[in-house]
1. State whether one or more residues within the stretch 122-143 are touching a residue at least 12 places away in the same chain (Cβ under 8 Å), surrounded by fewer than 22 Cβ atoms within 10 Å (Cβ to Cβ), under 23 Å from residue 73 (Cα atoms) and under 11 Å from the mean Cα position of the chain (by Cα).
2. Is it true that some residue in the stretch 30-53 is closer than 21 Å to residue 183 by Cα, in contact with a strand residue (DSSP E or B) (Cβ under 9 Å, 6 or more places away or on another chain), buried (at least 23 other Cβ atoms within 10 Å of the Cβ) and at pLDDT 90 or above?
3. Under 15 Å from residue 178 (Cβ atoms) and either in contact with a strand residue (DSSP E or B) (Cβ under 7 Å, 6 or more places away or on another chain) or modelled with pLDDT under 90 (or both) - does that describe any residue in the stretch 294-312?
4. Residue 330 passes all but one of (1) within 23 Å of residue 193 (Cα to Cα); (2) in a helix (DSSP H, G or I); which number fails?
5. Taking the condition loosely packed, with under 14 Cβ neighbours inside 10 Å and at pLDDT below 80, does residue 350 pass?
6. Which condition from (1) crowded, with 21+ Cβ neighbours inside 10 Å; (2) modelled with pLDDT of 70 or more is the one that residue 269 breaks?
7. Would you check if there is a residue in the stretch 15-24 being modelled with pLDDT of 75 or more and either more than 19 Å from residue 124 (Cα to Cα) or loosely packed, with under 13 Cβ neighbours inside 10 Å (or both)?
8. Determine which single condition residue 275 fails, assuming it passes every other condition in (1) at pLDDT 90 or above; (2) buried (at least 19 other Cβ atoms within 10 Å of the Cβ); (3) within 20 Å of the chain's Cα centre (by Cα); (4) under 30 Å from residue 164 (Cα atoms).
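The values are calculated or read from the model by the stated rules, or taken from the named source; none is laboratory data. Please read all numbers here as calculations on a predicted model, not as lab measurements. Cβ: placed from backbone, ideal geometry, glycine included. Neighbour counts: every protein chain shown.
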């Protein structure tokens, strides 16, 4: 880890932020993606009018929905800037409303300072991970609170498009529609609360690890933070599979919702292109996210069938009700068996 990152991380004992140390998050994102900055990237096909495609999606979405939460512009970004966009897009979320674990003192330090910087480190790593391996948010079913910009991770988008032999205009329309719908669902705070609660729990586990290491927090160690933290395994990153395994079912569910709502806009005659775009089995690289992608991919059919069950049944709850409620989001077992979800939520079966 570079010296500036250690200095930023070390400052967690002195920063006065009560929510999230966003400067630390940005520094970590920039460090992870320092080799991925390429200002000369070109779009995969200069003949495709992405701005026009975005406006077509916007017009159709406005015709079919009264949702006033939607992106207003489209931007193609390099990996580092995509990570920064992600960080800036979540900064306005009400982090104080999320119940967080009690953080005990660590060597005389701790409290809200420790909490804010550990969360900053986690979000910085998540942003860097998305910047390095993701083309967009719909890939993992990540629904941000709100964003006025539909950002596309340009390099990974180009790689994704090149995997298929379908018409590039149709593919681009499908991918941008999926991202547009994902961002439009930002009117619901519950999906991001799932991510926040999971990362908060991960931060609690990290704190316990630090406590077990009995770090030397004396004056001499404070003069050399890099040496002090060198014994902490994985301090620069986290295991995304461990982070997201507990919410694989909700992420798969959100992906299916995004896919269904994208199809409902009737922008493509061949709706299977949306299925193709969301198929995680087509990834042609090895990454720290591969295991969780495989897990989510295995749940795709179950999530799709769960939505079919909701649509075909005389449901007490609408899809909007489910998206807005922590209690109504299906668990892993309920994706496999929607009847058990109906029983739990007191919905009369078909």
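1. no
2. no
3. yes
4. Unmet condition: (2).
5. yes
6. (1) is the only condition that residue 269 fails.
7. No, the stretch 15-24 contains no residue that is modelled with pLDDT of 75 or more and either more than 19 Å from residue 124 (Cα to Cα) or loosely packed, with under 13 Cβ neighbours inside 10 Å (or both).
8. Every condition holds for residue 275 apart from (2).
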